[in-house]
Each structure stands twice: as C-alpha cells, then as structure tokens.
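In what follows, a single structure is set out as structure tokens and then discussed.
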Amino acid sequence: MAVKLVGTLSSDSDTRDFSFSLSSGTNLLSLLRDLEDSRVQKGSLLGWNGRNPRAKILVLVNGVEVSVLEGLQSRLNDGDAVTLVPVSHGG
C-alpha cells in the first residue's frame, strides 16, 4: 500500500511517499502503530493510549477521511493509499 506523510510528519521520516507492506485485511490502527515503530516519531500519530489518533492528525484512506469509514478499525488492502496530514492551528 502507498503511504504519504504531509507537512511536519514528513520531516520525521526519511521520505514523504513510500510503500508499506502489511498483511491483507490489516486495520489502520496496526499500520499507524507500525509507522510509529519504524518511520515517524513515537507519539506523532497516536495519542498517549496508543488506540486513538492524535486530535491534530487527519487520516485519509483512498482520499476518504476515516471517521466516515470504520475509523481505526478500517481494513486496508493491497493498493490502498493512506495519507496522514497534520492539522495546524494558528493562535
């Protein structure tokens, strides 16, 4: 599957676009945990409990925000595209 890191997330990784291999049918939560173990700074994708995305991260699967799918339980398949976007707030 293709993974794209946008904005500050890409600075935590050695590249912003890459392929990632997981077993077919793996859920999004497993992908995010694997990414935190191998590609991005720990805690940059998942909150303190490791079960929910950080409030400041937008997660898209094939261009669709995961809250309208099955959230982090959304199943991923070969050929899917996951985009992770940090949401910045001015203040």
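Brief remarks follow.
- Scalar couplings 3J(HN,Hα) for the range 27-36, obtained by applying the Karplus form with A = 6.51, B = -1.76, C = 1.60 to θ = phi - 60°, are 8, 4, 4, 4, 4, 4, 5, 4, 5, 5 Hz; x denotes Gly and Pro.
- Converting phi to 3J(HN,Hα) with the Karplus coefficients 6.51, -1.76 and 1.60 and the offset θ = phi - 60°, the range 2-9 yields 8, 10, 10, 9, 10, x, 5, 5 Hz in sequence order, with x at every glycine or proline.
- For the range 2-86, the equivalent ellipsoid derived from the alpha-carbon gyration tensor has semi-axes of 17, 15, 12 Å in decreasing order.
Readers should treat all values here as calculations from the given coordinates under stated rules, not as data from a laboratory. Treat the numbers as computed from the prediction; the structure is a model and nothing was measured.
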